[in-house]
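Some notes on the structure that comes next.
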Amino acid sequence: MALLEIIDLHAEVDGTPILKGIDLTIGAGEVHAIMGPNGAGKSTLSHVIAGRDGYQVTGGEIRLDGEDLLDLEIDARANAGVFLAMQYPVELPGVGGMTFLKAAVNAKRKYHGEDEVDAMAFLKLVRAKAKILGMGDEMLKRPVNVGFSGGEKKRNEALQMLVLEPRLAVLDETDSGLDIDALRIVAGGVNALRDSTRGILMITHYQRLLDYIQPDFVHVLADGRIQRSGGPELAKELEANGYAAYTDAAA
């Protein structure tokens, strides 16, 4: 059974069709990259998978481990194993990073009928994951993303992902706004999550992210549809030639 199945997915925003028939299957252990021009529907796809408000699904299916995600609210999707790393992480003034993480972990454990996490075990877990990302205790104590640089916000999201251990991680332009050093650190966090039990869907414009996180499959999304799929070599072709061939074909 596939980990994620997207079948003939159609979606619109404010009455405007954005996704026009997406078909995509991600198996456990696979990393898929979706590339494409601005306005192609890449971020819309990530938000629809996560269940974000404002995106109206007008047809098709999304299944995670065989379960219909479209029947679940956004919090239930998260607890079922969907994690969305957003292009622009939000700030949560007054909410400490450790408090936020512990609440998220315990909500997921409750959803699966498990006891709350032990405080000392949780602290040990978070510190071990934070070390991968070069994050010290001072950063963990600060309110979520408040006063963080762009790179710090992306590292903080990577930490949330590592602690929550999702079945499916969706990365919406995680490389946006990162310098090379920050990109290397965040990519290291993503690679630390990678194993045979989960899937990763990366959305990006550029080859540079894929230099650090090697995808198994690359897809070109243009005009609301996947126009072509291939291996890592497809990303290098796109870097060299751009998207004109696909936007012209879609038009």
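Looking only at the range 92-139, filter to residues that are in a loop (DSSP other than H, G, I, E, B) and more than 22 Å from the chain's Cα centre (by Cα); which one of those is surrounded by the fewest Cβ atoms within 10 Å (Cβ to Cβ)? Among those residues, the one meeting the criterion is 113. Against the conditions (1) more than 28 Å from residue 6 (Cα to Cα); (2) at pLDDT below 90, residue 89 satisfies every one except (1). Might you let me know whether the range 157-164 holds any residue that is in a loop (DSSP other than H, G, I, E, B) and either buried (at least 17 other Cβ atoms within 10 Å of the Cβ) or in contact with a strand residue (DSSP E or B) (Cβ under 9 Å, 6 or more places away or on another chain) (or both)? Checked against the condition, which is being in a loop (DSSP other than H, G, I, E, B) and either buried (at least 17 other Cβ atoms within 10 Å of the Cβ) or in contact with a strand residue (DSSP E or B) (Cβ under 9 Å, 6 or more places away or on another chain) (or both), the range 157-164 yields no hits at all. Checked against (1) crowded, with 23+ Cβ neighbours inside 10 Å; (2) out of contact with any Asp or Glu (no Cβ under 9 Å at 6 or more places or on another chain), residue 22 meets all criteria but (2). A residue that is closer than 25 Å to residue 4 by Cβ and of a type in the set (A, V, I, L, M, F, W, C) can be found somewhere in the range 137-158.
With respect to (1) in contact with a strand residue (DSSP E or B) (Cβ under 6 Å, 6 or more places away or on another chain); (2) surrounded by 15 or more Cβ atoms within 10 Å (Cβ to Cβ), the lone exception for residue 8 is condition (2).
Counting residues that are buried (at least 22 other Cβ atoms within 10 Å of the Cβ) and of a type outside the set (D, E, K, R), which strands (runs of 3 or more DSSP E) fully inside the range 168-251 reach at least 2?
So the answer is 168-172, 199-204, 217-222.
Cβ separations smaller than 9 Å between residues 6+ apart or across chains give the following pairs from the range 141-154 residues that are among the hydroxyl-bearing types (Ser, Thr, Tyr) to residues that are modelled with pLDDT of 85 or more and not in a loop (DSSP other than H, G, I, E, B): 149/182.
Within the range 1-17, residues that are under 17 Å from residue 170 (Cα atoms) reach partners that are of a type in the set (D, E, K, R) and outside any strand (DSSP E or B) with beta carbons closer than 8 Å, at six or more positions or on different chains, in the pairs 3/30; 3/65; 3/167; 3/198.
Could you please give the count of residues in the range 10-51 that are small (Gly, Ala, Ser), more than 23 Å from residue 88 (Cα to Cα) and not in a strand (DSSP E or B)?
The number of residues fulfilling the criteria is 4.
In summary, residue 186 fulfils each of the numbered conditions (1) more than 20 Å from residue 135 (Cα to Cα); (2) among the β-branched types (Val, Ile, Thr); (3) free of Cβ contacts under 8 Å to residues at least 60 places away in the same chain with the single exception of condition (1). Answer yes or no as to whether residue 234 is more than 21 Å from residue 64 (Cα to Cα) and either out of contact with any Gly (no Cβ under 9 Å at 6 or more places or on another chain) or at pLDDT below 95 (or both). Judged against the criteria, residue 234 is a match.
If only one of 54, 41 is at positive phi, loosely packed, with under 15 Cβ neighbours inside 10 Å and touching a strand residue (DSSP E or B) at 6+ places or on another chain (Cβ under 8 Å), which one is it? Testing whether each residue is at positive phi, loosely packed, with under 15 Cβ neighbours inside 10 Å and touching a strand residue (DSSP E or B) at 6+ places or on another chain (Cβ under 8 Å) leaves just 54. You will find that of 68, 75, 8, the residue that is touching an Asp or Glu at 6+ places or on another chain (Cβ under 8 Å), of a type outside the set (Phe, Trp, Tyr) and within 25 Å of residue 107 (Cα to Cα) is 68 and no other.
The values are calculated or read from the model by the stated rules, or taken from the named source; none is laboratory data. Everything quoted here is computed from the prediction, not taken from an experiment. Every residue, glycine among them, receives a Cβ derived from its backbone with ideal geometry; neighbour counts consider all protein chains shown.
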